[in-house]
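Colleague: Have a look at this one.
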Amino acid sequence: MLIKHPSDIRSSEITDQKLYANRREFIMAAGAAAGAALLSGANRVLHAAGQPAPHGRKLDGVIKSPFSAAVGDEKVNTWEQITTYNNFYEFGTEKESPSMYAKALKTEPWRVRVDGECAKPGDYHIDDILKGQTLEERVYRLRCVEAWSMVVPWIGFPLSNFVKRVEPTAKAKFIEFNTLADPSQMVGVRSPVLRWPYTEALRLDEAMHPLAILAVGLYGEEMPKQDGAPIRLIVPWKYGFKSAKSIVRIRFTERQPLNSWQESQPSEYGFYSNVNPAVDHPRWTQATERRIGEFFRRKTLMFNGYADQVASLYSGMDLKRNY
Ligand code: MTE
């Protein structure tokens, strides 16, 4: 993101070819039947048939959500792709760094501090946060501001469920999320690429939208560490950097918080960060994207394809100014 320059983008293309190569080797190893399943687009079948599952702990009681959005030719990305091509700067800035270094992250016990403008502040244990929640599989597009994308079968529950439970006061207009920033577990935090802890925020009405979820897993299993274990935000109509990983604090505020990326490069990263093909990043186009695992670029959709559901949140706003 900030530290990527146009020349670096080519290097991420190379990473992709590596991914392709890995995937090819994998297909060969998985045998003809599984390979045929992949060619027919049944990535999930391949996942089930060809890789030892679970990789981590399986999540029980997961239901399919009607909010899932992958359609037509949009294949779900493989477990391999979703867990080896990551942005998680706390573990380094290369795409493969998080899968190499996130093993050091200790996710148990895990508490999330809730404070600011709400009636029920406190330190909430992850089991308490999950208590009474029905876990849903939401197949969402993830569109990164670097102009690559994936389709991911997240497991989570509506963020609004938790927000309602902690009762924001009438003054609460925004909700801020902080990630763990522990240099003893996270090698990347030792370098000043961003101001730590990683901070992201939403307007409260955005947070209450039914598409915004707190995710605790993917592909039916608990969240891999490199994807933000044990709990992360997913806001599918915004660039991926809004979706903070490994959340340890949720704060309700009256004033608009300053997000980490916005603070480090305000001309490139705004508060809203809605996926918008009409507003280019100063250093590259946002009109198209490269789906990981595909060769040709595809057109980027307004609000990442979720315009029917979310456009009304921004009616009357100049989305070129509020990028
Ligand atoms: N959260 C934290 N804590 N640190 C990060 O560097 N990167 C963001 C977001 N959440 C990031 C983060 C960016 S830029 C993207 S595109 C997504 O995570 C990537 O999520 P994924 O690695 O699960 O695909």
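Colleague: Residue 222 - would you say it is under 27 Å from residue 102 (Cβ atoms), modelled with pLDDT of 95 or more and of a type in the set (Asp, Glu)?
Modeller: Values: under 27 Å from residue 102 (Cβ atoms): yes; modelled with pLDDT of 95 or more: yes; of a type in the set (Asp, Glu): yes.
When the stated conditions are applied, residue 222 passes them.
Colleague: Please find, among 304, 259, 276, the residue that is closer than 27 Å to residue 113 by Cα, touching a Lys or Arg at 6+ places or on another chain (Cβ under 9 Å) and crowded, with 21+ Cβ neighbours inside 10 Å.
Modeller: Numbers: 304 fails: closer than 27 Å to residue 113 by Cα; 276 fails: closer than 27 Å to residue 113 by Cα.
Just a single option satisfies the conditions, and that option is 259.
Colleague: Scan the strands (runs of 3 or more DSSP E) fully inside region 108-160 and keep the ones with 3 or more residues being in contact (Cβ under 8 Å) with a residue 12 or more places away in the chain and under 17 Å from the mean Cα position of the chain (by Cα).
Modeller: Numbers: elements: 111-116, 122-125, 136-143, 148-158.
Per the criteria, 136-143, 148-158.
Colleague: Restricting to region 72-102, count the residues that are polar (S, T, N, Q) and surrounded by fewer than 18 Cβ atoms within 10 Å (Cβ to Cβ). Lay out the reasoning, then the answer.
Modeller: Here is the first cut: in region 72-102, the residues polar (S, T, N, Q) are 77-78, 81, 83-84, 86-87, 93, 97, 99.
Next, only the ones that are surrounded by fewer than 18 Cβ atoms within 10 Å (Cβ to Cβ) stay: none.
Total meeting the criteria: 0.
Colleague: To continue, here is another question. Looking at region 156-165, can you tell me whether even one residue there is surrounded by fewer than 18 Cβ atoms within 10 Å (Cβ to Cβ) and more than 29 Å from residue 58 (Cβ to Cβ)?
Modeller: no
Colleague: Quick check on region 279-301: of everything there that is assigned to a loop (DSSP other than H, G, I, E, B) and among the acidic types (Asp, Glu), which residue is surrounded by the fewest Cβ atoms within 10 Å (Cβ to Cβ)?
Modeller: Our first condition is that a residue be assigned to a loop (DSSP other than H, G, I, E, B); within region 279-301, this holds for 279-280, 282-283, 285-287, 292-297, 300-301.
Still in the list and also among the acidic types (Asp, Glu): 280, 294.
Values: 280: 13, 294: 17.
Looking at the filtered set, the residue picked out is 280.
The values are calculated or read from the model by the stated rules, or taken from the named source; none is laboratory data. Keep in mind that what you see is a predicted model, and the values were worked out from it rather than measured. Ideal geometry is used to build each Cβ from the backbone, glycine not excepted, and the neighbour counts take in all protein chains shown.
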